[in-house]
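Contents: one structure, followed by commentary.
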Amino acid sequence: MTGITSTKLSDGRELIYFDDAGSTASRAAHLTKDHRGLPPRGEPGEIRFDALTDEWVAVAAHRQTRTHLPPADQCPICPTTAGNASEIPAGDYDVVVFENRFPSLGPALGPVPADAAWGTKGPAYGRCEVVSFTPEHTGSFSGLSPERSRTVIEAWAQRTEALSAMAGIKQVFPFENRGADIGVTLHHPHGQIYAYPYVTPRAGVLGAAARKYYDSKDGKETLTGSLLRAEREDGSRMVLEGANFSAYVPFAARWPLEIHLVPHRHVPDLAALDGEEKDELAHLYLDLLKRVDALYPTPTPYISAWHQAPLDDALRPAGYLHLQLTSPRRAADKLKYLAGSEAAMGAFINDTTPESVAERLRNVAVPPSSPPVAAVAAATEGASA
């Protein structure tokens, strides 16, 4: 099993080591103490209510001073050395999760103001965490071993459960921004987890559609489950199929490169996956990322977004865990920019066809996974969920 050790940084932030299954690493307190003597943490930023859209906006001006693309010998998430006292006190680690030093939300917890209207504001309650996938400064998630991928998945699941239990949290969102074209501020392979005190706008739209469908089926069928079944039966946009998960380019993909990875079983979040599902996901996710990277001569920028059911009594029963992996890359030397139609109106115009993208992802040459995960060979080979 994955070894889990929680400790505190010198300013009181929580840091958790997740050691690969079978690891003999020692996490004794004297080996993981943060000796930097950081100043106390500041108060949260604020959230302001946008009455025009009925949405909350976080105002985090303190993040202007956060670390931005430091040289390798000053990386804040590499293991600590004599010349670089980093955020990770240990001299080595497998996977680490810690509270962000420059959070958009938190560190305090609590509810958003009730009866919000124009002029309503409040503390930016919540929590923002950093997930370092590896002690190595270079590389990417796709280069991890299946064992390390499994450890990251365990970390996502454990943090989802822990954050979901915190006061005022309404949504837990693990994600990875990968590549300079996405706007990363650290080169070291890492992701983040946001725990919001409100249901985010995108999750609200997805949740409302899911609940409407769920109610129309008397609570016996989910929207995401029905879409998965339809895509597998059609087959033309399928990319990968496993025993517990399938990946496909959605029928109405918005981005030049967009893949949804969906469990066959209806679960609300990563914490609800069983051991067999996590084991397969560790391999299948690596396979998918390798295919994305193999499309072009250089690594593909992407956002890997885990959509989990909000912690909302109305939305959660119909919520269905799934990954949405998107990239603005529409050719080897071209990016899609969100201009007038997309940025101002939210009306996407895709420069590629979902069927052609799926075909390329199916046929691209990648190193085999172990155990093997089958790519879909033809449109007619999809099976019903």
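The values are calculated or read from the model by the stated rules, or taken from the named source; none is laboratory data. Remember, it's a predicted structure, so these values are computed and weren't measured experimentally. Heads up, the Cβs are rebuilt from the backbone with ideal geometry, glycines too, and the neighbour counts pull from every protein chain shown. Just the protein is used for accessible areas: all its heavy atoms, side chains included, with ligands, DNA and RNA removed. Shrake-Rupley method; radii C 1.70, N 1.55, O 1.52, S 1.80 Å.
Residue count for region 295-305 under the criterion of being over 20 Å from the mean Cα position of the chain (by Cα) and open to solvent by 40 Å² or more (accessible area, probe 1.4 Å): the result is 2. Scanning region 76-90 for residues that are under 17 Å from Ile16 (Cβ atoms) and touching a residue at least 12 places away in the same chain (Cβ under 8 Å) yields Pro76, Ile77, Pro79, Glu87, Ile88, Pro89, Ala90. Of the residues Ala332, Ala343, the single one that is touching a residue at least 24 places away in the same chain (Cβ under 8 Å), surrounded by fewer than 23 Cβ atoms within 10 Å (Cβ to Cβ) and among the aliphatic types (A, V, I, L, M) is Ala332.
Condition first: open to solvent by less than 10 Å² (accessible area, probe 1.4 Å) and more than 26 Å from Tyr296 (Cα to Cα). Now tell me which residues in region 227-244 satisfy that.
Leu228 - this is the single residue of region 227-244 that is open to solvent by less than 10 Å² (accessible area, probe 1.4 Å) and more than 26 Å from Tyr296 (Cα to Cα).
Can you give me the number of residues within region 306-337 that are of a type outside the set (Ser, Thr, Tyr), more than 30 Å from Asp274 (Cα to Cα) and over 21 Å from the mean Cα position of the chain (by Cα)? Number satisfying all stated conditions: 7. Name the pairs whose Cβ atoms lie under 6 Å apart, with the first residue in region 195-221 and under 26 Å from Glu99 (Cβ atoms), the second open to solvent by less than 50 Å² (accessible area, probe 1.4 Å) and assigned to a helix (DSSP H, G or I), and 6 or more positions between them or separate chains? Taking only residues 6 or more apart or on different chains, the pairs are Ala195/Leu163. The residues of region 245-272 that are open to solvent by less than 10 Å² (accessible area, probe 1.4 Å), assigned to a loop (DSSP other than H, G, I, E, B) and in contact with a Leu (Cβ under 8 Å, 6 or more places away or on another chain), listed by number, are Val249, Val267.
Every residue in region 314-370 that is charged (D, E, K, R) and outside any loop (DSSP other than H, G, I, E, B), please.
To start, the set of residues in region 314-370 that are charged (D, E, K, R) comprises 316, 329-330, 333-334, 336, 342, 351, 355, 359-360, 362.
Result: Arg316, Arg329, Arg330, Lys334, Glu342, Glu355, Glu359, Arg360, Arg362.
Take the residues in region 161-218 that are at pLDDT below 95, touching a Lys or Arg at 6+ places or on another chain (Cβ under 9 Å) and open to solvent by 30 Å² or more (accessible area, probe 1.4 Å); name whichever of them is farthest from Val112 (Cα to Cα). Restricting to residues being at pLDDT below 95, touching a Lys or Arg at 6+ places or on another chain (Cβ under 9 Å) and open to solvent by 30 Å² or more (accessible area, probe 1.4 Å), the top hit is Asp181. For region 135-153, the condition holds for at least one residue, the condition being that it is touching a residue at least 24 places away in the same chain (Cβ under 8 Å), crowded, with 21+ Cβ neighbours inside 10 Å and in a loop (DSSP other than H, G, I, E, B).
Residues that are over 23 Å from Arg291 (Cα atoms) and assigned to a loop (DSSP other than H, G, I, E, B) within region 214-244 comprise Lys217, Asp218, Gly219, Lys220, Glu221, Thr222, listed in sequence order. Which pairs turn up if I take residues in region 109-121 that are at positive phi and look for partners that are modelled with pLDDT of 95 or more and aliphatic (A, V, I, L, M) with beta carbon separation below 6 Å, at least 6 apart in sequence or on another chain? Correct list of pairs: empty, since none qualify. Highlighted here are the strands (runs of 3 or more DSSP E) found entirely within region 8-91 that include at least 2 residues which are more than 30 Å from Ala344 (Cβ to Cβ) and either aromatic (Phe, Trp, Tyr) or open to solvent by less than 40 Å² (accessible area, probe 1.4 Å) (or both): 14-19.
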